[in-house]
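What follows is a set of notes on a single structure, which appears directly below.
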Amino acid sequence: MPMYLHELSYDELIALLVQDGLRPAHGITLWSALQHRAVTELSTCTHFLPPLRRWLDSHVGTKDGHTLDVLSVAAHVPSEDGLTQKFLLRLHDGQEIETVVMGYKGRHTACISTQAGCAMGCVFCATGQMGFVRHLRPGEIVAQVQHARRILAERGERLRNLVLMGMGEPLHNYDSVMKAMDLISDTRGANIGPSKISISTVGVVPGILRLAEEERPYNLAVSLHGSTEAERAALIPANQRWPLADLIAACRTYNDKTGRRIFFAWTLIAGVNDTPEHARRVATLLQGLDAHVNLIPLNETAGYLGREGTESAAEVFSGIVQASGIPCTIRQRRGIDVAAGCGQLRAEKKRRVSAAAA
Ligand code: SAH
Ligand code: SF4
């Protein structure tokens with residue numbers, strides 16, 4: 001049966017080769033090339049012995065053969081300070097997704113996508129504005145991490161942190177995302193520690209409960225943005241499916257079951273959710289939870305009229321939340337010249353292409 005080789009675990013890849021009559025050592029060599037060394041062009045691996053080379057020639061990239069997940073770069077935008085690089089990566093079917101590589105003070109982080117588009121429709125989000133296209137396979141998620149590792153390796157740097165905050169809703173693609181995380185946290189491969197991986201969700205309640213139940217060792221970020229049902233539903237249509245009350249209850253269960261803190265993201269939109277009154281309501285809503293609030297300035301998008309709030313409003317907001325005993329930080333906007341928001345690079349490219357066609 002044809003396989004996506006980047007989706008196979010260490011044991012599965014070895015078993016596949018052994019089944020075709022090769023020694024396990026060849027499987028280890030191939031796993032290491034794909035998952036540890038992030039090789040894109042296997043023909044450059046001169047250390048492969050003839051049996052492995054022959055197996056690759058007859059089984060990979062041939063009709064009905066196995067497939068490698070290597071994504072081509074459709075666009076690459078470095079920030080002016082050179083510390084952030086945003087990539088639009090092309091999948092086999094032509095879909096394009098965003099991957100961002102950030103490197104600050106030796107802390108190198110990749111922000112990756114889990115879906116092409118997103119079904120959740122958050123009004124301020126460029127990905128939400130484009131709608132849902134499809135889920136990514138585990139190999140397509142792994143391939144983004146490997147891309148980021150190669151980019152950093154060229155500068156002699158190592159990828160240590162991963163955030164699932166690109167395009168898509170990770171908990172709407174739960175199984176593929178978890179499979180990909182298992183692969184990239186394997187110490188024989190990309191070796192990204194589970195405690196360095198953050199999954200951000202719009203608040204898919206069953207997914208949060210499943211993470212807790214399965215005791216997944218990743219960090220959890222929950223996008224809140226509104227502190228009443230109506231206020232949140234106006235920004236996040238998914239709140240109608242998973243109301244705030246259920247979300248907070250699920251977060252409490254998550255805290256209790258895992259003993260882990262939850263990071264609540266709050267995108268500040270001028271006049272919409274950035275007043276002291278909003279801050280007081282957030283503080284009340286989160287009382288009793290093991291919570292940390294991250295305030296994020298809105299990245300303005302073409303499809304939403306909301307505006308970024310002022311810095312002073314953010315500081316007042318942060319002060320109120322902190323005074324209630326909940327840690328709160330204002331996230332510095334980085335790589336601002338890189339169309340930094342999720343889905344924005346793809347949206348911009350589309351706009352340019354349509355403008356050129358008009
Ligand atoms: N779907 C997941 C993860 C991807 S979005 C989620 O919603 O959490 C990652 C984060 O970017 C979320 O907190 C989301 O609310 C935020 N975000 C999306 N568009 C934004 C914008 N235009 N400005 C600021 N933050 C944005
Ligand atoms: Fe989807 Fe997250 Fe964007 Fe909402 S913010 S539309 S959940 S990617």
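If you check HIS92 against the conditions, is it of a type outside the set (D, E, K, R) and closer than 20 Å to ARG188 by Cβ? First the steps, then the outcome.
Numbers: of a type outside the set (D, E, K, R): yes; closer than 20 Å to ARG188 by Cβ: no.
It is false that HIS92 is of a type outside the set (D, E, K, R) and closer than 20 Å to ARG188 by Cβ.
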Filter segment 161-197 down to the residues that are over 16 Å from the mean Cα position of the chain (by Cα) and of a type in the set (S, T, N, Q), then identify the one that is farthest from TYR218 (Cα to Cα).
THR187
Output the number of the condition that SER200 fails; it satisfies all remaining conditions of (1) within 13 Å of the chain's Cα centre (by Cα); (2) under 22 Å from VAL73 (Cα atoms); (3) of a type outside the set (A, V, I, L, M, F, W, C).
(2)
Residue that is farthest from the chain's Cα centre (by Cα), among those in segment 227-250 that are β-branched (Val, Ile, Thr) and surrounded by 14 or more Cβ atoms within 10 Å (Cβ to Cβ):
ILE248
Residues of segment 66-91 being farther than 22 Å from LYS196 by Cβ, at pLDDT below 95 and assigned to a loop (DSSP other than H, G, I, E, B), in sequence order, are VAL70, SER79, GLU80, ASP81, GLY82
Out of (1) under 20 Å from LEU211 (Cα atoms); (2) surrounded by 18 or more Cβ atoms within 10 Å (Cβ to Cβ); (3) away from ligand 2 (no atom under 16 Å from the Cβ), the one HIS147 does not meet is (1)
Show the residue pairs meeting these rules: Cβ distance below 6 Å; 6+ apart or different chains; first residue within segment 184-202 and charged (D, E, K, R) and modelled with pLDDT of 95 or more; second residue within 16 Å of ligand 1 (Cβ to nearest atom) and not in a helix (DSSP H, G or I).
LYS196/ASN161
ILE236 fails exactly one of (1) more than 14 Å from ligand 1 (Cβ to nearest atom); (2) hydrophobic (A, V, I, L, M, F, W, C); (3) over 27 Å from LEU71 (Cβ atoms); (4) in contact with a Ser or Thr (Cβ under 8 Å, 6 or more places away or on another chain), namely (1)
Tally, over segment 74-98, of residues that are closer than 17 Å to GLU154 by Cα and in contact with a strand residue (DSSP E or B) (Cβ under 6 Å, 6 or more places away or on another chain)
8
Over segment 109-135, the set of residues near ligand 2 (Cβ under 8 Å from one of its atoms), of a type in the set (A, V, I, L, M) and buried (at least 20 other Cβ atoms within 10 Å of the Cβ) is MET120, ALA126
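Please determine whether any residue of segment 182-191 is within 13 Å of ligand 1 (Cβ to nearest atom) and not polar (S, T, N, Q). Don't jump to the end; show me each part of the working.
Taking segment 182-191 as the starting set, the residues that turn out to be within 13 Å of ligand 1 (Cβ to nearest atom) are none.
Scanning segment 182-191, I find no residue that is within 13 Å of ligand 1 (Cβ to nearest atom) and not polar (S, T, N, Q), so the answer is no.
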If you take the residues of segment 144-160 that are of a type in the set (Lys, Arg) and not in a loop (DSSP other than H, G, I, E, B), which of them is nearest to the chain's Cα centre (by Cα)?
ARG149
Being near ligand 1 (Cβ under 9 Å from one of its atoms) and in a helix (DSSP H, G or I) is the filter; apply it to segment 118-143 and report the residue that is nearest to the chain's Cα centre (by Cα).
THR127
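The values are calculated or read from the model by the stated rules, or taken from the named source; none is laboratory data. A quick note: this is a predicted structure, and the numbers were derived from the prediction, not measured. No Cβ is skipped: glycine too gets one built from the backbone with ideal geometry, and neighbour counts run over all protein chains shown.
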